[in-house]
Amino acid sequence: MPQKGRDMMTLLLLLLFLCETQSWAASKPNFVLLMADDLGIGDPGCYGNKTLRTPNIDRLARGGVKLTQHLAASPLCTPSRAAFMTGRYPVRSGKWHLGISCHDPGDFCHHPTSHGFDYFHGLPLTNMRDCKLGEGSVFTAAFRLLVLLPMQLIALALLTLVVLKWLGLFRAPPCAFLFLFLLATLLLGLLLGFLHYFRPLNCFLMRNRDITQQPMSYDNLTQRLTADAAHFLRRNAETPFLLVLSFLHMHTALFSSKDFAGKSQHGSYGDAAEEMDWSVGQILDVLDELKLANNTLVYFSSDQGAHVEEVTVKGEVQGGSNGIYKGGKANNWEGGIRVPGIVRWPGVIQAGLEIDEPTSNMDIFPTVAKLAGSPLPQDRVIDGRDLMPLLQMRTQRSEHEFLFHYCNSYLNAVRWHPPNSTSIWKAFFFTPKFSPEGANGCFDTHVCFCYGQYVTYHDPPLLFEISRDPRERNPLTPTSEPRFWEILEAMQEAAARHARTLQDVPNQLSLGNLMWKPWLQLCCSSLGLSCQCDREDQDGRHSP
């Protein structure tokens, strides 16, 4: 072919490529974001599990990109929840767990509808053992230690004084005696009242700003939330939308409907996982039915690794699988932060790809914002990065050079993927003390803590090359790694730069915030005499 002809062919191919690129860029997709709670990277079949049935998560992975080094967002670095879907219809179903009100029960300052969502149906707090009868308690154990035990001791001391007064061994004016007696009675009443009413008061479902079920029932709960989400998709098939379906699975209390209970090979955990997979399938089926799949970006992930220390009230281990990785939920070993990550957008993202570059839950925020044509907030540092260049293979490297892993508010570890290098380094400033000795978690305390006697501090930091040692079995030394000190210096300098970007914010875990504030308690009874009601529509047809 003559040179002129080849040049013309090249130009035509370039124009065709640009037209295709512009077509997907100009066509703003819908968004379906599916977030599991405490699902381990070793749980789905597409990540290697051979005995847990997850056919729908697996087909999502076959049709999209599977991220194998997708990392849970550290709590300190979670992106803003501000509304960013200009001109769209953001809807959230499932778990919120970011608070409800600030100063009075009607201000709803933390509610989803105050942060960009047009509709909410789900649990505003979190799923926990206390919400399911017979499952024991995690939350109230800590509450008993911090609040109820001091109340008990005070009440016991007051009652002792009352008894001593009655026996004539303690002298006090009659009015003081009466005051002590009433105070002891009040404290005991509050103690018993809290234990009796905790479940109906704090385990409830809301639709928008109205309580629909208090206490919530686990009967067909997944089916109800899924039906509501599917109904939303059908009603808004002609309108650009954002659906966030935040599953209560796999957080305890574990639950499943009669269609799934006792059906898996992994007990109640497996039953719950397979029910969640069913829910994913229902959403994918509706997208196919409405012919929306090709114009919808679907994202599936988990907020952190599986809770390996989770045990039943009978002492049976019922946590999930983090695959080959060490640790689990609430610590920054790979098993705690490396989570499933799947992104599908047919025709735009090539199906069947597997990407092992460091990515994060935080990346979905700037990715969705850019695709929706909405600018990112300028009043804060956005830790996430747009995933599209990596997902479309327009680049072979993640934009994350450094990632910072927090344990509560403590900087726990730093991850470094140097430019022009395949190495990925990870340095721990401290690590949790697993218990009992030789265990893969903190079974004695049910979850690993981040401070004091519960951790081991490392000076110099504990260094691993994750790219070669993903199981974190072989910490490096100056002898085994010639650049040991050079690598640590670069990571510590990055941590110092990162620290300078942080701004002081109110402490969400301060004593004042942890204390129960009865004036903020929501109750479905206007008189507050009986916080019990059931206004849930069982077919889930209330979504807008």
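If we scan segment 452-463, do we find a residue that is in contact with a Leu (Cβ under 8 Å, 6 or more places away or on another chain), of a type outside the set (G, A, S), surrounded by fewer than 17 Cβ atoms within 10 Å (Cβ to Cβ) and over 29 Å from N507 (Cα atoms)?
Yes: one or more hits.
Only one of these is under 12 Å from W425 (Cβ atoms), of a type outside the set (A, V, I, L, M) and at pLDDT 95 or above: P478, P461, P482, P470. Name it.
Of the residues listed, the single one that is under 12 Å from W425 (Cβ atoms), of a type outside the set (A, V, I, L, M) and at pLDDT 95 or above is P461.
Quick one: L463 ticks every box in (1) in contact with a helix residue (DSSP H, G or I) (Cβ under 7 Å, 6 or more places away or on another chain); (2) assigned to a loop (DSSP other than H, G, I, E, B); (3) closer than 26 Å to Q304 by Cβ except a single one, so which number is it?
Tallying (1) in contact with a helix residue (DSSP H, G or I) (Cβ under 7 Å, 6 or more places away or on another chain); (2) assigned to a loop (DSSP other than H, G, I, E, B); (3) closer than 26 Å to Q304 by Cβ, L463 fails exactly one: (2).
Looking at Y269, Y299, can you tell me which residue is more than 22 Å from L33 (Cβ to Cβ) and of a type in the set (F, W, Y)?
Criteria check complete, one pass: Y269.
When F84 is evaluated against the numbered criteria (1) at pLDDT 90 or above; (2) buried (at least 16 other Cβ atoms within 10 Å of the Cβ); (3) not charged (D, E, K, R), which criterion, by number, is the only one it fails?
Failing condition for F84: (1).
Yes or no: P470 more than 30 Å from P124 (Cα to Cα), in contact (Cβ under 8 Å) with a residue 40 or more places away in the chain and either in a loop (DSSP other than H, G, I, E, B) or among the basic types (K, R) (or both)?
Details: more than 30 Å from P124 (Cα to Cα): yes; in contact (Cβ under 8 Å) with a residue 40 or more places away in the chain: yes; either in a loop (DSSP other than H, G, I, E, B) or among the basic types (K, R) (or both): yes.
Yes.
Can you confirm whether segment 94-107 contains a residue that is touching a helix residue (DSSP H, G or I) at 6+ places or on another chain (Cβ under 9 Å), open to solvent by less than 60 Å² (accessible area, probe 1.4 Å), aliphatic (A, V, I, L, M) and at pLDDT below 65?
No: segment 94-107 contains no residue that is touching a helix residue (DSSP H, G or I) at 6+ places or on another chain (Cβ under 9 Å), open to solvent by less than 60 Å² (accessible area, probe 1.4 Å), aliphatic (A, V, I, L, M) and at pLDDT below 65.
When R62 is evaluated against the numbered criteria (1) modelled with pLDDT of 50 or more; (2) in contact with a Leu (Cβ under 9 Å, 6 or more places away or on another chain), which criterion, by number, is the only one it fails?
Status for R62: all satisfied but (2).
Given the residues A427, A490, which is the only one that is touching a residue at least 60 places away in the same chain (Cβ under 8 Å), surrounded by 12 or more Cβ atoms within 10 Å (Cβ to Cβ) and in contact with a Leu (Cβ under 6 Å, 6 or more places away or on another chain)?
None of the others qualify; the one that does is A427.
Go through segment 291-324 and count every residue that is part of a strand (DSSP E or B), among the aliphatic types (A, V, I, L, M) and either modelled with pLDDT under 95 or closer than 23 Å to H97 by Cβ (or both).
The number of residues fulfilling the criteria is 3.
I'd like the full set of residues that are closer than 15 Å to S423 by Cβ and charged (D, E, K, R), limited to segment 444-471.
If the condition is that a residue be closer than 15 Å to S423 by Cβ and charged (D, E, K, R), then E465, R468, D469 are the ones that fit.
Kindly establish whether A351 is modelled with pLDDT under 95 and surrounded by fewer than 23 Cβ atoms within 10 Å (Cβ to Cβ).
No; evaluated as a whole, the condition is false for this residue.
Anything in segment 40-66 that is hydroxyl-bearing (S, T, Y) and part of a loop (DSSP other than H, G, I, E, B)? List them, or say none.
T51, T54
How do the pairs read when you match residues in segment 337-358 that are over 18 Å from S302 (Cα atoms) with residues anywhere that are among the aliphatic types (A, V, I, L, M) and open to solvent by less than 40 Å² (accessible area, probe 1.4 Å), using Cβ under 7 Å and keeping only pairs 6 or more apart or on different chains?
The qualifying pairs are W345/L297; P346/A293; I349/V65; I349/V343; I349/L391; L353/V65.
Among K329, K291, which is closer than 28 Å to M128 by Cα and not hydroxyl-bearing (S, T, Y)? Walk me through it before giving the result.
Details: K291 fails: closer than 28 Å to M128 by Cα.
Criteria check complete, one pass: K329.
What are the residues in segment 506-536 that are open to solvent by 100 Å² or more (accessible area, probe 1.4 Å), modelled with pLDDT under 80 and either touching a strand residue (DSSP E or B) at 6+ places or on another chain (Cβ under 9 Å) or under 25 Å from R380 (Cβ atoms) (or both), if any?
Hits for segment 506-536 are P506, Q508, L509.
Assess whether T477 counts as being exposed (fewer than 11 other Cβ atoms within 10 Å of the Cβ) and in a loop (DSSP other than H, G, I, E, B).
yes
Hey, D383 hits all of (1) among the charged types (D, E, K, R); (2) over 25 Å from Y406 (Cα atoms); (3) surrounded by fewer than 24 Cβ atoms within 10 Å (Cβ to Cβ); (4) under 22 Å from the mean Cα position of the chain (by Cα) but one; which does it fall short on?
(2)
What single numbered condition from (1) open to solvent by less than 60 Å² (accessible area, probe 1.4 Å); (2) at pLDDT below 95; (3) within 19 Å of the chain's Cα centre (by Cα) fails to hold for V368?
Status for V368: all satisfied but (2).
From the list L34, L39, L16, which residue is among the aliphatic types (A, V, I, L, M) and either surrounded by fewer than 22 Cβ atoms within 10 Å (Cβ to Cβ) or at pLDDT below 50 (or both)?
Going through L34, L39, L16 in turn, the sole match is L16.
The values are calculated or read from the model by the stated rules, or taken from the named source; none is laboratory data. Values in this document were obtained by computation on a predicted structure and should not be read as measured data. Don't worry about glycine lacking a Cβ; one is built from the backbone with ideal geometry, like all the others, and counts go over all protein chains shown. Please note that ligands, DNA and RNA were not included when accessible areas were found on the heavy atoms of the full protein model with its side chains. Shrake-Rupley method; radii C 1.70, N 1.55, O 1.52, S 1.80 Å.
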